[in-house]
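The values are calculated or read from the model by the stated rules, or taken from the named source; none is laboratory data. Quantities reported herein were computed from a predicted structural model and do not represent experimental measurements. Ideal geometry is used to build each Cβ from the backbone, glycine not excepted, and the neighbour counts take in all protein chains shown. Note: accessible area is taken over every heavy atom of the protein model, side chains too, but ligands, DNA and RNA are not part of it. Shrake-Rupley method; radii C 1.70, N 1.55, O 1.52, S 1.80 Å.
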Amino acid sequence: MTDQATRPARTPVVEVPAEPVRRRSYRHRPAAIAGRTLVVLLATAGGLVFLSVLAYAVLTALKPAGEVLAVPLSWLPSHFDWGNLALPFTQTPFARYYGNSVFVGVCVTALNVLTCTAAGYSFAKFRYRGRNAAFVIVLATLMVPVEIIYVPLYTLVYQLGWVDSFAGLIVPAGTSAFGIFLMRQAIDGVPDELLEAARLDGAGELRTLVSIVVPVVRGPMAALALFVFMTNWDSHLWPLLVASDDDHRTLPVGLAAMQANNLGSAGVPMMMAAALLALLPTVLLFVTLQKRFVEGVTMSAGIR
């Protein structure tokens with residue numbers, strides 16, 4: 001038998017015609033470039049508008065009182081009056097307002113992080129009757145404007161004797177439906193195997209939450225802390241209702257009172273200086289927690 005008889009027949013190779021290379025159409029390139037250029041120009045214009053407002057506030061805060069409302073209007077002062085930055089502290093109880101806002105903001109933020117993390121852990125990792133119904137009720141409260149509950153809430157606070165006290169400012173703001181929702185979704189992504197391993201090692205639920213869950217969800221916790229602090233720092237209506245004396249006024253209410261008592265050109269530099277000083281905590285907090293904030297927002301973007 002020859003080699004050709006024992007050798008298997010070769011399968012004929014079928015050449016598949018290559019797909020034609022699709023060339024990009026250059027007809028739309030000018031339109032794409034024009035659209036991108038327009039977006040950049042609009043973003044730049046918006047940034048310049050915000051930057052000009054901030055620059056005007058800074059320059060006005062450092063102007064001599066007689067140049068603030070002078071006609072024609074000038075951007076640059078004849079000389080920088082750095083003493084204006086001390087006027088809020090020397091002529092008004094600004095330091096008291098500032099301290100009250102920092103104290104209330106830190107307490108409210110800590111309470112929200114604590115309660116929302118615990119509630120989110122319960123909704124995400126425990127199975128019990130009524131859990132889904134309770135979570136739906138929590139979400140439903142997001143649709144209720146907070147101003148609607150101010151009257152019954154004020155009545156309750158008044159009956160408890162918390163008017164003109166820090167308890168009236170802190171306790172009603174100690175938790176939030178948004179925070180519970182955010183933490184529940186974040187903790188839901190923690191693998192159950194980690195929790196079961198910790199329980200098998202003898203860890204209780206509190207130890208499991210602190211040692212296993214919290215390190216995984218530090219990003220969402222930082223984002224929640226930033227959201228809560230900024231919201232509370234700018235809150236005006238509720239502090240106006242429950243804190244009417246200088247000993248408990250927060251910064252937004254105090255600034256409104258300062259504005260009412262410092263009308264005219266002489267008070268404008270002081271008010272601008274006070275407003276700029278009021279921005280510092282939120283800016284510093286954002287710069288400090290920026291990395292965690294981005295992580296938390298990115299992690300929250302995958303919410304189911």
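The table that follows gives values for the structure above.
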{"item": "Some residue of region 215-228 being under 24 Å from the mean Cα position of the chain (by Cα), closer than 29 Å to V68 by Cβ and either open to solvent by 20 Å² or more (accessible area, probe 1.4 Å) or among the basic types (K, R) (or both)", "result": "no"}
{"item": "Count of residues meeting criterion [small (G, A, S) and assigned to a loop (DSSP other than H, G, I, E, B)] in region 221-251", "result": "3"}
{"item": "Test: residue in region 159-168 that is of a type in the set (S, T, N, Q) and under 19 Å from V113 (Cβ atoms)", "result": "no"}
{"item": "Members of region 140-184 found to be in a loop (DSSP other than H, G, I, E, B), in contact with a Cys (Cβ under 9 Å, 6 or more places away or on another chain) and β-branched (V, I, T), listed by number", "result": "T175"}
{"item": "Single residue of L156, L195 found to be open to solvent by 60 Å² or more (accessible area, probe 1.4 Å) and out of contact with any Leu (no Cβ under 7 Å at 6 or more places or on another chain)", "result": "L156"}
{"item": "Flag if F103 is of a type in the set (F, W, Y), under 20 Å from the mean Cα position of the chain (by Cα) and open to solvent by 40 Å² or more (accessible area, probe 1.4 Å)", "result": "yes"}
{"item": "Which numbered condition G189 fails, given (1) over 30 Å from A243 (Cβ atoms); (2) modelled with pLDDT of 90 or more; (3) within 28 Å of the chain's Cα centre (by Cα)", "result": "(2)"}
